[in-house]
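Working notes, structure below.
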Amino acid sequence: QVQLVESGGGLVQPGGSLRLSCAASGFTLNSVNIGWFRQAPGKEREGVACISSGDTRTRYADSVKGRFTISGDNAKNAVYLQMNSLKPEDTAVYYCAAKHRNSYYDTRCVDYGMDYWGKGTLVTVSL
């Protein structure tokens, strides 16, 4: 059955790094657009990064460009988010989400259009 399970969250100091993992089951990565969203307390959920697995079609929020990298491992059916140079404003619950691709050219990755969601993993950036 379809399932997304995030892991890797925790408490880190500003400037530190974390690597989030999203283990997918019930589908293969090449069948979806998959990415990361986050929601900070009192704020709306926002997209962080998205990938059409198997190619270079990745997108990032402006706030994380140059600091975060999304990648996929088809063998493990997992997606990762490498987060470097973390800032306090990165503090949020991070969610993995996936959307079935309508075609190779379907690169949509918006929160209201995602078909599957994980339960989230908390990232706290603080001294």
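The residue of segment 58-106 that is surrounded by the most Cβ atoms within 10 Å (Cβ to Cβ), among those that are over 24 Å from Gly42 (Cα atoms) and among the aromatic types (Phe, Trp, Tyr), is Tyr80. For segment 1-17, what are the residues that are hydrophobic (A, V, I, L, M, F, W, C) and either open to solvent by less than 30 Å² (accessible area, probe 1.4 Å) or under 16 Å from Asn77 (Cα atoms) (or both)? Matches in segment 1-17: Val2, Leu4, Val5, Val12.
Residues in segment 107-122 that are modelled with pLDDT of 95 or more and not in a loop (DSSP other than H, G, I, E, B): Tyr116, Trp117, Thr121, Leu122. Considered as a group, the residues in segment 108-127 that are out of contact with any Phe, Trp or Tyr (no Cβ under 9 Å at 6 or more places or on another chain) and among the hydroxyl-bearing types (Ser, Thr, Tyr) include one that is most open to solvent (accessible area, probe 1.4 Å), and that residue is Tyr112. Contact annotation: residue pairs with Cβ atoms under 6 Å, 6 or more positions apart or on different chains, pairing a residue in segment 1-15 that is within 16 Å of Ile34 (Cβ to Cβ) and modelled with pLDDT under 95 with a partner that is outside any strand (DSSP E or B) and open to solvent by less than 70 Å² (accessible area, probe 1.4 Å), are Val2/Gly26. If you filter segment 58-106 down to residues that are in a strand (DSSP E or B) and among the β-branched types (Val, Ile, Thr), you find that the one that is modelled with the lowest pLDDT is Thr58.
The values are calculated or read from the model by the stated rules, or taken from the named source; none is laboratory data. Being a predicted model, the structure only gives us computed values, none of them experimental. All Cβ positions, even for glycine, are placed from backbone atoms using ideal geometry, and neighbour counts span all protein chains on display. Heads up: the accessible areas ignore ligands, DNA and RNA and are worked out on the full protein's heavy atoms, side chains in. Shrake-Rupley method; radii C 1.70, N 1.55, O 1.52, S 1.80 Å.
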